[in-house]
Amino acid sequence: MDRFLENDTVLKIVSVVMAILLWVIVSSSNPTQTTNRSFGPIPLSQSSLTRSNLLVGTLDPNTVTVTLKGSPQSVQNASVRQIAAFVDLGDIVRAGTYSVPVRVSVPEATSLVSVVPNHIVVTVEQLGTKRYSVALRPIGTPAPGYEVKSSIAGIKEAAVSGPTNNLAEVRAVIADVSVGGRTTGFQEQVILLPVNKRNQVVPDVQVSPNLVTATVVIAAIPPQKTVPIVVKYTGTPATGYQVGQITVSPTTVSITGTTTALDPISQIDTASVSVAGQNSTVTETVPLVFPKGISGITIDKVTVTVTITPSG
């Protein structure tokens, strides 16, 4: 027997058996053995703000990590779906930035060890409303020989609502209207967009109404041509003086009308400039005189300069 106990291998086996027996004894005497386990990320939910003129801007961060404690089996059976993390915003009554504690609901048979972070930063923004004129923005080009004569929105103004910081970026409310390749007028519903000074859509604001009826008139481009402008003057300068150089700016005008009306037109006259009794240069802005059935496309007035010089 002594020789048996002196064997190293036997002693090692006995030691292992004794250790196992000791663990079984300790385990059976500690039925409340617990273990910890971490779960995450857990998305944060929030209670509603009590003031209707406030809006939650951001939660930073918007997820947390939760560590639970319980029996090995209860912790092992727990899942992320059984854990709820939320913040109570009921006491916030004005815009600002707040540090708010995180509250956690855990599964049965487990308890909360920690939540990381245990506070988050909540940004609350003031809501506002402003009114803006509505404008239509034609997109594209009508078919060759046609042009957009007019585009009218069904309403003149729209209300834009949202956080005041975002509202400050809004510069206009527009609606894009596609006119590409069209030859006739039309009506259609278009979406109103709040845009900033770079014509980019401003986020997190709402336009009311968000749809508007656009009425677009498209018509054939009437015949047109460009002709010179001829200055007309009346009267005689003062004794000893004469009319010298005559200039007009601009020197030509684009006109439009029916083909029958346009064909005989080779020039457009100015209204008469009086030089009667003048002894110095005369400069005036005068209207153009368009024959019946003719109209100017770009201008209807010009600047005339009549130089008066000594005679002889």
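What follows is calculated from the coordinates using simple rules that are stated; it is not laboratory data. Only a predicted model underlies this, so the values are computations on that prediction, with no experimental measurement involved. Reconstructed Cβ throughout: ideal geometry from the backbone, glycine too, with neighbour counts over all protein chains shown.
So here's what we get for this one:
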| read-out | value |
| --- | --- |
| In the range 188-271, the trypsin sites (Lys or Arg not before Pro) that fall in loop regions by DSSP, at most 11 other Cβ within 10 Å | Lys197, Arg198 |
| Beta bridge orientation in the range 117-184: antiparallel %, DSSP, nearest 5 | 55 |
| DSSP bridge orientation in the chain - percent antiparallel, rounded to nearest 5 | 85 |
| Kirkwood Rh, angstrom, the range 238-312 [1 / mean 1/r, Cα pairs] | 13.9 |
| Between 0 and 90°, nearest 10: helix 8-29 axis offset from the chain longest Cα axis | 70 |
| Cα-based convex hull volume of the chain per residue, rounded to whole Å³ | 333 |
| Net charge over other residues, Cβ less than 13 angstrom from the Cβ of Leu262 (K, R count +1; D, E count -1) | +1 |
| Stretchable slack from Thr305 to Asn279, in nm (0.36 nm times residue separation minus alpha-carbon distance) | 8.0 nm |
| Extension gain, Thr213 back to Thr34 (0.36 nm per residue minus Cα-Cα distance, nm) | 57.7 nm |
| Under-30-angstrom lysine pairs by C-alpha in the range 185-312, whenever the two are 8 or more apart or on separate chains | 5 |
| Globularity ratio of the range 176-266, using Cα Rg and 2.2 N^0.38 Å | 2.07 |
| Quotient of C-alpha Rg and 2.2 N^0.38 Å, computed over the range 130-220 | 1.17 |
